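The values are calculated or read from the model by the stated rules, or taken from the named source; none is laboratory data. Since the structure is predicted, the reported quantities are computational estimates derived from the model, not experimental observations. Here the Cβ positions follow ideal geometry from the backbone for every residue, glycine too, while neighbour counts run over all protein chains shown.
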Amino acid sequence: MLLVGSPEGLSGQGPLEARNSTSGVWERVLASTPSDWPPDGSRSGATPAALPPGSGLHGAFGPAASPLHGRGALLTGQQLAPATISPTRALLYSGALPGWGQQRLNKIRWLGFMAVELAGWAFLWERRRTGHEFRTRYRDLAWFVARRGTLGERMDGDFEYYEALGQYQASGAFDEDPYVGGVQPETDTTTFNGALWSLAREIFLVPGEQGTPGPGSSEYDQAMEYYASRSIGPEFHWDWNGDEISRSEYDRLIRRSDAALRRVTTLVGVILANHLAAAFDAFITARLHTVDSAAQFRLVVVPEARGRWWVGGQLLP
């Protein structure tokens, strides 16, 4: 039998203690009535809450107070407060909006989850805006300086194209000699197309017993296919023409844009982690606070030596 008591009686003003009791006093108390227990007539100052008739709960007593009325009574200070929402709802609320579940559970830490959420989205949009602004600026610079000789309507390439544009002084010609039939790959290895053709030769045109494979061989056709699918055509041609100042500024802009957009990816991860952490926290908090709201305690006072009173209790479904 679990006994819980306080040196100050049932009013709960002193620290509660708990221990197991095997005393026969407990059985005598349960068999007694509010009018004849305790024998010395002392009472407690605890305030009970009346329960519906037939609840089966016994009255509880303590020093210097009136007895609890009837056989159905509950010491309100001993009942656990039910959670305001279920664990599943708490998880869904905070999963959708970090801090919402904690706020419904009356936990002040909802402010922390909400602050992380708002700060994360604010930094994300700021970094995204900055990254796109620098991207527009380096593409404009490339168009007006390195690509100013490009014929036709402006077309912007992908990131790999602009990355190569910053690494090579020029794209090189797609067809080195347009007056000869077929495609004559660029041979200047300082250009992008020339470096690409050199790589294709290393991969496919490996010298054998009969020498290096030439035009008409399957190896040469594979090398040309590799070159044609990756080289820069006339519509995306570029040449910095020795303008190192513009090229340095271009490098600076593309690095800043890339850094800002990488930060966006990091912030997305932070926001998702905040959602998961808030949902898990809300779920665990709700589980720890969930009790059957209809649960009640069966309480009774057991006197012991030196004026100490012990309160025995049992949680009833």
Selection from region 243-257 of residues without any contact (Cβ under 8 Å) to a residue 40 or more places away in the chain and not hydroxyl-bearing (S, T, Y) yields E244, I245, R252, R255
Go over the candidates L199, L253 one by one and state the one that is among the hydrophobic types (A, V, I, L, M, F, W, C), assigned to a helix (DSSP H, G or I) and within 30 Å of E126 (Cα to Cα).
L253
Where residues in region 141-151 are at pLDDT 90 or above and of a type outside the set (K, R), which of them is surrounded by the fewest Cβ atoms within 10 Å (Cβ to Cβ)?
F144
Collect the residues in region 152-177 that are over 43 Å from the mean Cα position of the chain (by Cα), surrounded by 12 or more Cβ atoms within 10 Å (Cβ to Cβ) and either among the charged types (D, E, K, R) or at pLDDT below 90 (or both), keeping them in residue-number order.
D175, E176
Step by step: first the residues of region 178-218, then only those that are modelled with pLDDT of 90 or more and among the acidic types (D, E), then the one that is farthest from Q167 (Cα to Cα). Which residue is that?
E202
Are any residues in region 200-225 touching a Leu at 6+ places or on another chain (Cβ under 6 Å) and hydroxyl-bearing (S, T, Y), and if so, which ones?
T212
